[in-house]
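J.: Have a look at the structure that comes next, please.
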Amino acid sequence: MLHLRIITPPDLTTAVLQELIEDPGVTHITADLGAATEPPGDLVACDVVRASVNPLLRRLRAAGVGDRGGITVTELEAVVSAAADNAQAEILTPEIDTVVWAEVSARTSDDSAFSVSFGVLMVLAGILAAIAVVTNNPVLVVGAMIVSPDYGPMAALSVALVNRAFGPAWKSLRALALGFPMAALAAFLIILVARVLDRIPAAYLAGQRPLSGLLIGANLGAFVVALVAGAAGIIALGRAKSGAVVGVLVSITTIPAAANVGVAVAMGYLSEGGKSVSILLVNLAGLLIGGVLTLLGTRVRARRIEAKQAILSPKPRPER
C-alpha cells in the first residue's frame, strides 16, 4: 500500500474526504483541521491500495488539490491491519501489477535535466569505461555502467513522451545529448594522454580487444536486449526496486559504447568509432521504445481495470 498526505484548502476538505471515503481501496483516513501552515489548510492522510492510487490522484487533481494544496505519496514497508486487508480484497488487481505514475514521474524528474553532477558522473564513467576497454577489464566496465547516470534522463524521456510533456522531454534529451559526448571526450583525452606517455597495454596494441568487439556489433540482438532492459527499468522504477534498476544498467552497453568512440578515435581506429556510435544509438532507441511501450501498456491495462472496478464497486462503499 501507499500513504497519501494531503494538504487541502478548507473549502475542499469535505469533497476530498468524500472521495476517500467512497473509494474502496482507501483506508486509515485521518483529518487534522487547520494543521497545515504552508500552504494553509487542513491535513488529511490515508493509506491506499496501490491499484487505486492513479485514479484517486486524478480525481484529487481535478478537484484542484494539487494546485491549491499538495499531495505527498510515500511507500509503506509493512501494513498490519484488517482494514487494509479488506481494502485490498475489494480491488481487482494485485498490488504488484500496478505502476503508480506519480511515483515514476517523481523518481525520474530529478534526473531528467543536465546538471554539474550529471556531467561529472558521465565524465568519470567515460574514463572508467575507457580504461576498461584498453585493459580488457570487464569489472571496470560494470563499474562504469553503474556510475553512469544516463538511465535517469532516458526513463524521464519515456515518461515525458507518454504524458506528452514536451518541455521535460526536451530537458531529458538535452541531458543525453550533452552527457554522452562528454563521456566520449573524456575517454578520448585520457587515452590520448596514455598514448603520448606510451601507457597503452601491449595486448590492446596487438589487436587483443575482446571488449571492443562487444562495443561495435550493432544488431537485432542488441536492440532486443535494450528493448527488454527499457521495459524492466520502467517497471522497477514503478515498484521502487533500485536493485532491479542497477540490473538494467549493467545489461546494456551505453556508456561503454560512448567511451569506445573516444578510445577508437584517440587510437586512430575511426571505423571502429563509427560502429560504436551505431550500437550506442541502437541501445538508446531500444531503451526508449521499451520504456514507452511499457508505460503505454500499463496505462491501457490500468484504465480497463479501473473501468471494471467502477462497475463492480457500488458507492458508497460498505462500512469496514
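J.: Sorting check: for 64-70, 282-288, which peptide has the highest mean count of neighbouring beta carbons within 10 Å, and how do the rest follow? Spell out each step's value before the answer.
T.: Details: 64-70: 16.3, 282-288: 22.0.
Peptide ranking by packing, descending: 282-288, 64-70.
J.: Would you mind ranking 28, 3 by Cβ crowding within 10 Å, fewest neighbours first?
T.: Details: 28 18, 3 15.
If I rank by nearby Cβ atoms, fewest first, I get 3, 28.
J.: Quick one: if you take sqrt(5λ) for each eigenvalue of the C-alpha gyration tensor of segment 2-98, what semi-axes come out, biggest first, whole angstrom?
T.: In descending order, the three semi-axes are 23, 13, 12 Å.
J.: Fewest Cβ neighbours within 10 Å first, please rank 16, 142 accordingly. Mind dumping the intermediate values first?
T.: Numbers: 16 24, 142 16.
By the 10 Å Cβ count, ascending: 142, 16.
J.: Let me ask you something else. Among 295, 140, 237, 76, rank each residue by its count of other Cβ atoms within 10 Å, from fewest to most, as a rough exposure measure.
T.: Details: 295 24, 140 19, 237 27, 76 13.
Placing the least packed residue first, the sequence is 76, 140, 295, 237.
J.: Something else now. For Cα extents along the principal axes in Å, which listed value, [x] 65, 39, 35; [y] 77, 39, 34; [z] 54, 51, 36, comes from the coordinates shown?
T.: Derived directly from the coordinates: [y].
Read the figures in this text as sums done on the coordinates, not as results from a lab. Nothing here was measured: the structure is a model prediction, and the numbers come from that model. Here Cβ is always computed from backbone atoms with ideal geometry, including for glycine, and neighbour counts include all displayed protein chains.
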